[in-house]
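Chemist: Mind looking over this structure? Questions follow.
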Amino acid sequence: MVAVEKSREAQISAVAALEEPINRRLYDYVVCQPDPVGRDQAAAAVAVPRGTVAKHLDRLVERGLLDVVYRRRSGRTGPGAGRPASCIAGRLKTWSCRCPHAATT
């Protein structure tokens, strides 16, 4: 039962994170993109400084709303191609909510 409660709390926390306007704008932008986006791209899209965007994207990843993927953006492969860039990918998630039946008096 404790694991179920933690899972439920994590889901509620994730949804609650979208109440913050910057989080919601970033989430909406990322999930609507066909490919993962970089932090610079996301910052330009929502007109918020990159440092602020990085912090908010990290929060959304921590809460399980977005995922980090690593890609070489230059298209180069093999030794000497450089370190893959971390990008943010989103997928629409479905949540369900059940409210306990209120006792009638």
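Here's the yes/no breakdown for (1) in contact with a strand residue (DSSP E or B) (Cβ under 8 Å, 6 or more places away or on another chain); (2) among the basic types (K, R); (3) in a helix (DSSP H, G or I); (4) over 14 Å from R91 (Cα atoms):
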position	(1), (2), (3), (4)
S7	no, no, yes, yes
Q11	no, no, yes, yes
E19	no, no, no, yes
N23	no, no, yes, yes
Y29	yes, no, yes, no
Q41	no, no, yes, yes
A54	no, no, yes, yes
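Chemist: Let me confirm something: among D35, D28, which residue is surrounded by fewer than 16 Cβ atoms within 10 Å (Cβ to Cβ) and under 12 Å from L65 (Cβ atoms)?
Modeler: D28
Every number here is computed from the coordinates shown, using simple stated rules; none is lab data. As the structure is a prediction and not an experimental result, all values here were calculated from the model. FYI the Cβ positions are ideal-geometry reconstructions off the backbone, even for glycines, and counts take in every protein chain you see.
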